[in-house]
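Structure record follows, encoded as structure tokens.
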Amino acid sequence: RHGLPRDAFIVGSFARRGKGQRMLLETDSLLAGHRERLHYFFAGEFIPERIGPFVAERPALEGRVTLKDLVPYEEVPELLSAMNAVVMLPKREPFSNSVIEAMAMAKPVILSRTLGNIEAVEDGRSGMLIDRGDRKALAAALRRLLENPKEAEEMGRAASARVRTRFTEAVMMDGMEALWRKLAG
């Protein structure tokens, strides 16, 4: 329904511009031997207008990138289920619901080392953390997922389990209540 290829390894994000979409697309050139399998998907406010010209200037990406503006929230689970991995590389991120949603759906995630992201994943187990701007590390992380589908699946399962044990509404509310009680003395 959304025009995503069934036989590709789909990687991307649901986020506004500036969450590493361009860096991910620039890293494509470092993935020789895998490029024909990769398809990139990005959805978010003004994404087609902001990322589209960048894609148009790179013939190697032709036909391998899908850009969407905001999608209705009820379509997010369907789109996430079609994805093989989620990549979010912001400069700063206090905590990303988008990352937690991807993890809850058992998707392996590649994230930049930000305060929220280092809280969200256990590096190497429930996701992978890289330094923002490190294209070689991003390419290595993508290669790892592409070349080791069982490991990618295990990482997704670990991500889902981490969300269920650490980030449910009940767990988060209990943590906030404990914090407030401690601060109140």
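The values are calculated or read from the model by the stated rules, or taken from the named source; none is laboratory data. Since the structure is predicted, the reported quantities are computational estimates derived from the model, not experimental observations. So basically every Cβ, Gly included, is an ideal-geometry build from the backbone, and we count neighbours across all protein chains shown. With ligands, DNA and RNA removed, areas are computed over all heavy atoms of the protein, side chains included. Shrake-Rupley method; radii C 1.70, N 1.55, O 1.52, S 1.80 Å.
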Exercise. Of the residues LEU111, LEU129, which is surrounded by 23 or more Cβ atoms within 10 Å (Cβ to Cβ), in a strand (DSSP E or B) and in contact with a Leu (Cβ under 6 Å, 6 or more places away or on another chain)?
Worked result: LEU111
Seminar exercise, completed: Expected single match for open to solvent by 80 Å² or more (accessible area, probe 1.4 Å) and outside any loop (DSSP other than H, G, I, E, B) among GLU45, GLU49 is GLU49
Exercise. Could you say whether any residue in the stretch 22-29 is of a type outside the set (Ser, Thr, Tyr), more than 22 Å from ALA137 (Cβ to Cβ) and in contact with a strand residue (DSSP E or B) (Cβ under 6 Å, 6 or more places away or on another chain)?
Worked result: no
For this session: Would you tally the residues in the stretch 72-96 being within 24 Å of THR114 (Cβ to Cβ), outside any strand (DSSP E or B) and in contact (Cβ under 8 Å) with a residue 24 or more places away in the chain?
Result: 11
For this session: Taking the options VAL163, VAL121, VAL87, name whichever one is surrounded by 20 or more Cβ atoms within 10 Å (Cβ to Cβ), closer than 23 Å to GLY33 by Cα and modelled with pLDDT of 95 or more.
Result: VAL87
For this session: Please go through the stretch 110-138 and pick out each residue that is of a type in the set (Gly, Ala, Ser) and over 14 Å from the mean Cα position of the chain (by Cα).
Result: GLY124, GLY133, ALA137
Exercise. Taking VAL99, is it more than 11 Å from the chain's Cα centre (by Cα), open to solvent by less than 40 Å² (accessible area, probe 1.4 Å) and in contact (Cβ under 8 Å) with a residue 12 or more places away in the chain?
Worked result: no
Exercise. Does ALA141 satisfy being surrounded by 16 or more Cβ atoms within 10 Å (Cβ to Cβ), under 14 Å from the mean Cα position of the chain (by Cα) and not in a loop (DSSP other than H, G, I, E, B)?
Worked result: yes
For this session: For PRO59, indicate whether it is open to solvent by less than 60 Å² (accessible area, probe 1.4 Å) and of a type outside the set (Ser, Thr, Tyr).
Result: no
Exercise. Out of curiosity, is ARG181 within 20 Å of ARG35 (Cα to Cα), open to solvent by 40 Å² or more (accessible area, probe 1.4 Å) and out of contact with any helix residue (DSSP H, G or I) (no Cβ under 6 Å at 6 or more places or on another chain)?
Worked result: no
Exercise. Out of all the residues in the stretch 1-42, which are open to solvent by 10 Å² or more (accessible area, probe 1.4 Å) and either among the hydroxyl-bearing types (Ser, Thr, Tyr) or in a helix (DSSP H, G or I) (or both)?
Worked result: ARG22, MET23, GLU26, SER29, LEU30, ARG35, GLU36, ARG37
